[in-house]
Amino acid sequence: MRFLLRHLASVLPVVFGVLLLTFLLLHMVPGDPVEVMLGESATAADRDRLRAELGLNQPLPIQFADYLGRLAQGDFGHSIHTHVPIAELLAQRIPATIRLTLLALVVALMMGVPLGIIAALHHNRWPDRGARLFALTLSAMPHFWLGPLLMLVFALWLPWLPVSGMETGASIVLPALTLACGLAALLTRMTRASLLDVLGEDFVRTARAKGLPERTVVLRHALRAALLPVVTVVGLQLGSLLAGAVITETVFGWDGVGRLLVESIEKRDYPVTQACVLVIALAYVAVNRLTDFAYARLDPRVRFV
Amino acid sequence: MKSWSLVIPLFWVVAAAVAPLLGLQPDVIHLEHILRTPDWDAWLGSDDLGRDILARLLAGARVSLTVAMTVTVVAGVAGTLLGLVSGYFGGWLDRLLMRVTDVFQAFPGILLAIAFAAVLGPGLGNLILALCLTSWVGYARLTRAQALSLRARQHVEAARALGGSPWYVMRRHVLPLLAAPLIVEATYGIAGLVVAEASLSFLGLGIQPPHASWGAMLRDGVRYLLVAPHYVLAAGLSLMSLVLAVNVLGDGLRDAWDVRT
């Protein structure tokens, strides 16, 4: 318990910094943010009202304290165009993003880990070369290029899946696959490298010398040790999938937080932009910290200083 | 080292450099050629406004490489200097810098660059600024970690004992040993920035119409996927060839110089 509390305390400065930086975003708008948001057609009264609403006529430290105070009550402000509370918008969009990222994670695991194992077991032969080429190619394909390519192949040339939107259950397949591929490439490389390391260890030689079948040696002895570093990567990358979701959701018209962020940027609805950035960053920090924590629990050699 | 990993980036650099001399018209609209498929007059076809896709690809390469190089130089120099001073001197400056980089790294991937570009407004200058503001962190962390361990090396101690000023010791005895890891980092960095520039342009945050960029071409191309797949394919394959080659070049340099990443 003390360990957990210490762990939580160590994350506080980072969370504070994240809050400060997202707060300052609105103040990075060149010129008058109210004018940029409302456009030139707005009346002076409209501007004054928004300025007062956002607290922009207060000194900066007071604005920041207000911002923190409101966030503590779950109040993210509201959209300057539709006046809908941002907390409501987020609540509508977050489940879709979670569904997408979790499915992408599962797909990436199902692709990357077996491929990495096959590559390691056929070191320097053609399955290994194939897996390496696959990983290399996918890691050079950003989501906004892989997505359209998958659309072209699986929705247009072979009309198996919906192009975009989220009307049917099958709509999630292409965005999840797009989001998964980069991570699958990384997992292939990691699993391969890690298993190759472990296969050279003494305990693997011992297991073989005992006369165990190769299948048992690999699956029961080597793989167990090899997957520990892979688990960490999965945890750390789960957070990065959130950043990938911004582009992927935009490509496929998937109504998650990422698309909300991009829509808010297009409409210059900066309070919404701010809230989306904050939520994604906090989720990322939380997932990373939980991974560290879980790793320390799984591996007694790891201790925090 | 694989030679194609050097040839492809060089091809794009040369193509981007000579493109303005070829008399191409990347921004000229030809409504009679809308979404023309590739033929002998337009090798890669035309886009949704009848503009020549090859000409626009070269113009886009120019934008992409200009952004990647500028940001790498600016953020690389700034990050390296900060990391060097921080790691070498330590103290409150070091603690402050580490806190700041922790916060920057709390934003996943390109999210912070998107946020900065969104509030700064669209345009090439703001795009470069947004990427500089986020890219220095990696260089600072790398240099700081290296400087911290190099500080304890005997040749550095000797130089200090002989009365070398901190700046002299850093410049002559620490920085040269950092060259290899920094060049490897910058190589991967360039690939990352090409993707980042395209991502921001894809979201409409980069260079504005009518000017071409690979990300914007991909965004427009997606809308005509069904009728003109050559549009998306041309932009996507160009981007992929450059990123793939630069990444492989980074791998080659890392292995050749035995840099641990």
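The values are calculated or read from the model by the stated rules, or taken from the named source; none is laboratory data. Quantities reported herein were computed from a predicted structural model and do not represent experimental measurements. Cβ placement follows ideal geometry from the backbone for every residue including glycine, while neighbour counts extend to all protein chains displayed.
Could you check the stretch A:228-263 and list, in sequence order, the residues that are closer than 21 Å to residue A:169 by Cα, within 13 Å of another protein chain (Cβ to nearest Cβ) and surrounded by fewer than 20 Cβ atoms within 10 Å (Cβ to Cβ)?
The answer is A:253, and nothing else.
Residues being β-branched (Val, Ile, Thr) and more than 17 Å from residue B:193 (Cα to Cα): count how many of those fall in the stretch B:76-91. Please lay out each step first, then the result.
Pass one, the stretch B:76-91, residues β-branched (Val, Ile, Thr): B:77, B:80, B:85.
Okay, now just the ones that are also more than 17 Å from residue B:193 (Cα to Cα), so B:80, B:85.
Residues flagged as β-branched (Val, Ile, Thr) and more than 17 Å from residue B:193 (Cα to Cα) within the stretch B:76-91 amount to 2.
Please go through the stretch B:221-261 and give me each residue that is in a helix (DSSP H, G or I) and surrounded by fewer than 16 Cβ atoms within 10 Å (Cβ to Cβ), ordered by number.
B:223, B:237, B:255, B:256, B:257
Can you pull out every residue in the stretch A:106-136 that is within 14 Å of chain B (Cβ to nearest Cβ) and either within 18 Å of residue A:176 (Cα to Cα) or touching a residue at least 12 places away in the same chain (Cβ under 8 Å) (or both)?
A:132, A:134, A:135, A:136
Any residue at all in the stretch B:98-107 that is surrounded by 15 or more Cβ atoms within 10 Å (Cβ to Cβ) and not in a helix (DSSP H, G or I)?
Looking for residues that are surrounded by 15 or more Cβ atoms within 10 Å (Cβ to Cβ) and not in a helix (DSSP H, G or I), one finds at least one in the stretch B:98-107, hence yes.
Considering only residues of the stretch B:201-220 that are surrounded by fewer than 24 Cβ atoms within 10 Å (Cβ to Cβ) and assigned to a helix (DSSP H, G or I), which is nearest to the other protein chains (Cβ to nearest Cβ)?
Here the answer is B:219.
Out of all the residues in the stretch A:38-61, which are within 20 Å of residue A:76 (Cβ to Cβ) and without any contact (Cβ under 8 Å) to a residue 60 or more places away in the chain? Walk me through it before giving the result.
Here is the first cut: in the stretch A:38-61, the ones within 20 Å of residue A:76 (Cβ to Cβ) are A:38, A:49-56, A:58, A:60.
Result: A:38, A:49, A:50, A:51, A:52, A:53, A:55, A:56, A:58, A:60.
Please verify whether residue B:100 is within 16 Å of residue A:24 (Cβ to Cβ), modelled with pLDDT of 90 or more, within 11 Å of another protein chain (Cβ to nearest Cβ) and out of contact with any Phe, Trp or Tyr (no Cβ under 8 Å at 6 or more places or on another chain), treating the condition exactly as stated.
Numbers: within 16 Å of residue A:24 (Cβ to Cβ): yes; modelled with pLDDT of 90 or more: yes; within 11 Å of another protein chain (Cβ to nearest Cβ): yes; out of contact with any Phe, Trp or Tyr (no Cβ under 8 Å at 6 or more places or on another chain): yes.
The answer is yes for residue B:100.
Between A:169, A:165, which is assigned by TED's automatic domain parsing to the domain that holds residue A:251, over 20 Å from the mean Cα position of the chain (by Cα) and on the phi > 0 side of the Ramachandran plot?
So the residue among A:169, A:165 that is assigned by TED's automatic domain parsing to the domain that holds residue A:251, over 20 Å from the mean Cα position of the chain (by Cα) and on the phi > 0 side of the Ramachandran plot is A:165.
Does residue B:63 meet the test of being loosely packed, with under 14 Cβ neighbours inside 10 Å and not in a loop (DSSP other than H, G, I, E, B)?
Answer is no for this residue.
Take the residues in the stretch B:48-69 that are under 16 Å from the mean Cα position of the chain (by Cα) and in contact (Cβ under 8 Å) with a residue 60 or more places away in the chain, then tell me which one is farthest from residue B:31 (Cα to Cα).
So, considering only residues that are under 16 Å from the mean Cα position of the chain (by Cα) and in contact (Cβ under 8 Å) with a residue 60 or more places away in the chain, the one farthest from residue B:31 (Cα to Cα) is B:69.
Of everything in the stretch A:264-284 that's more than 10 Å from chain B (Cβ to nearest Cβ) and touching a helix residue (DSSP H, G or I) at 6+ places or on another chain (Cβ under 8 Å), which residue is surrounded by the fewest Cβ atoms within 10 Å (Cβ to Cβ)?
Initial filter on the stretch A:264-284 (more than 10 Å from chain B (Cβ to nearest Cβ)): A:267, A:269, A:271-272, A:275, A:279.
Filter once more, keeping what is touching a helix residue (DSSP H, G or I) at 6+ places or on another chain (Cβ under 8 Å): A:269, A:271-272, A:275, A:279.
On the way: A:269: 21, A:271: 19, A:272: 26, A:275: 25, A:279: 21.
For the stretch A:264-284, the residue satisfying everything is A:271.
What number of residues within the stretch B:114-128 satisfy the criterion of being more than 10 Å from chain A (Cβ to nearest Cβ) and assigned to a helix (DSSP H, G or I)?
To start, the set of residues in the stretch B:114-128 that are more than 10 Å from chain A (Cβ to nearest Cβ) comprises B:123-125, B:127-128.
Adding the requirement that they be assigned to a helix (DSSP H, G or I) leaves B:124-125, B:127-128.
Looking only at that region, the number is 4.
When the residues of the stretch A:164-180 are filtered to those that are part of a loop (DSSP other than H, G, I, E, B) and touching a residue at least 60 places away in the same chain (Cβ under 8 Å), which remaining residue is nearest to residue A:98 (Cα to Cα)?
Filtering first and then ranking leaves A:166.
With the checklist (1) in a helix (DSSP H, G or I); (2) surrounded by fewer than 22 Cβ atoms within 10 Å (Cβ to Cβ); (3) at the interface with chain A (Cβ under 10 Å from one of its Cβ atoms) in hand, flag the one item residue B:194 doesn't pass.
So residue B:194 meets the others, but not (2).
Please find, among A:66, A:46, the residue that is farther than 21 Å from residue A:276 by Cα and of a type outside the set (Val, Ile, Thr).
Details: A:66 fails: farther than 21 Å from residue A:276 by Cα.
Checking each option against the conditions leaves just A:46.
Hey, does the stretch A:285-293 have a residue that's crowded, with 19+ Cβ neighbours inside 10 Å, touching a residue at least 12 places away in the same chain (Cβ under 8 Å), not hydroxyl-bearing (Ser, Thr, Tyr) and not in a helix (DSSP H, G or I)?
Kept after step one, since they are crowded, with 19+ Cβ neighbours inside 10 Å, are these residues of the stretch A:285-293: A:285, A:287-288, A:291.
Retained after the next criterion (residues that are touching a residue at least 12 places away in the same chain (Cβ under 8 Å)): A:285, A:287-288, A:291.
Subsequent filtering for residues that are not hydroxyl-bearing (Ser, Thr, Tyr) retains A:285, A:287-288.
Filter again for not in a helix (DSSP H, G or I), leaving none.
No - not one qualifying residue is present in the stretch A:285-293.
Name every residue in the stretch B:236-251 that is closer than 15 Å to residue B:65 by Cβ and at the interface with chain A (Cβ under 9 Å from one of its Cβ atoms), in order of residue number.
Answer for the stretch B:236-251, where residues must be closer than 15 Å to residue B:65 by Cβ and at the interface with chain A (Cβ under 9 Å from one of its Cβ atoms): B:239, B:241, B:242, B:243, B:245, B:246.
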